[in-house]
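The structure appears below as structure tokens.
The values are calculated or read from the model by the stated rules, or taken from the named source; none is laboratory data. Predicted model only: the values in this text are computed from it and were never measured. Here the Cβ positions follow ideal geometry from the backbone for every residue, glycine too, while neighbour counts run over all protein chains shown. These area figures cover heavy atoms from the full protein model, side chains too; ligands, DNA and RNA do not enter into them. Shrake-Rupley method; radii C 1.70, N 1.55, O 1.52, S 1.80 Å.
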Amino acid sequence: MASRLCFNIGFLIVASVGLLHGAYAANTYTVGGDLGWIVPPNSSYYEEWTSQSTFQIGDSFVFNWTTGTHTATEVSTKEEYDNCTKMGIILKDAGVKVTFNANGTHYFLCSEGTHCEQGQKMIIKIGDGIPPSFAAPSLTAAAALSALFFSTLAIFFLN
Ligand SMILES: [Cu+2]
């Protein structure tokens, strides 16, 4: 009896993990919905569009436009975004698709003319918006090095 109970609980755990793992399916979004990626009718248009969804790792974004010349330009910082700095990773082709495989915050704008100033800009937040940090492992490495240093010192004095 006991072993059968254990087996059943084990099966339930495996099944639950499977369900949790499969709970989120990556989505592909067309930036701006039906409007696409153009100079918007009002400057808060893309802010409103992004606020309608919560984006997760694996999600893709398609920048579509049928009129005018535009770019999907990714700039590095909020400051560059706020100032419409038009230098960054420039994607020029309509229909370009961008997929994010880590949490983080991404700043996109159009680098054509004054399109950005007119509101063709958008912040995409993946997950909590915070990129994975490598600070912790390097701190651990520093601690290990200093431990080695002090143990070497101890050996020196013992001899
Ligand atoms: Cu544009």
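May I ask you to list the residues in the range 78-117 that are of a type in the set (Ser, Thr, Tyr), away from the ligand (no atom under 13 Å from the Cβ), closer than 19 Å to TRP65 by Cα and crowded, with 17+ Cβ neighbours inside 10 Å? Full working, then the answer.
Let us first name the residues in the range 78-117 that are of a type in the set (Ser, Thr, Tyr), namely 81, 85, 99, 105, 107, 111, 114.
Restricting the remaining residues to those that are away from the ligand (no atom under 13 Å from the Cβ) gives 81, 85, 99, 105, 107.
Now narrow it down to the ones that are closer than 19 Å to TRP65 by Cα: 99, 107.
The answer is TYR107, and nothing else.
Among the residues of the range 74-91, is there at least one that is assigned to a loop (DSSP other than H, G, I, E, B), more than 25 Å from THR54 (Cα to Cα) and at pLDDT 95 or above?
Yes, the conditions are met somewhere in the range 74-91.
Which pairs have Cβ atoms under 7 Å, sit 6 or more apart or on different chains, and link a residue in the range 37-48 that is free of Cβ contacts under 8 Å to residues at least 24 places away in the same chain and open to solvent by 50 Å² or more (accessible area, probe 1.4 Å) to one that is more than 13 Å from the ligand (Cβ to nearest atom) and assigned to a helix (DSSP H, G or I)?
Close Cβ pairs (under 7 Å, with a partner that is more than 13 Å from the ligand (Cβ to nearest atom) and assigned to a helix (DSSP H, G or I)) do not exist here.
Among the numbered criteria (1) under 29 Å from TYR24 (Cα atoms); (2) modelled with pLDDT of 95 or more, which single criterion is violated by CYS116?
Going through the list (1) under 29 Å from TYR24 (Cα atoms); (2) modelled with pLDDT of 95 or more, CYS116 breaks only (1).
Quick one: how many residues across the range 53-73 are under 19 Å from GLY33 (Cβ atoms) and assigned to a loop (DSSP other than H, G, I, E, B)?
Within the range 53-73, the subset under 19 Å from GLY33 (Cβ atoms) is 53-56, 59-68, 70, 72.
Next, from what is left, pick out any that are assigned to a loop (DSSP other than H, G, I, E, B): 53-54, 56, 59, 64-68, 70.
Residues in the range 53-73 being under 19 Å from GLY33 (Cβ atoms) and assigned to a loop (DSSP other than H, G, I, E, B): 10 in total.
When only residues in the range 60-70 that are within 16 Å of the ligand (Cβ to nearest atom) and within 28 Å of ALA25 (Cα to Cα) count, which is most open to solvent (accessible area, probe 1.4 Å)?
Per the stated criteria, the residue is ASN64.
Being within 13 Å of the ligand (Cβ to nearest atom) and either open to solvent by 50 Å² or more (accessible area, probe 1.4 Å) or of a type in the set (S, T, N, Q) (or both) is the filter here; which residues of the range 24-36 pass it? Don't jump to the end; show me each part of the working.
Within the range 24-36, the subset within 13 Å of the ligand (Cβ to nearest atom) is 31-32, 35-36.
Of everything in the range 24-36, just one residue is within 13 Å of the ligand (Cβ to nearest atom) and either open to solvent by 50 Å² or more (accessible area, probe 1.4 Å) or of a type in the set (S, T, N, Q) (or both), namely LEU35.
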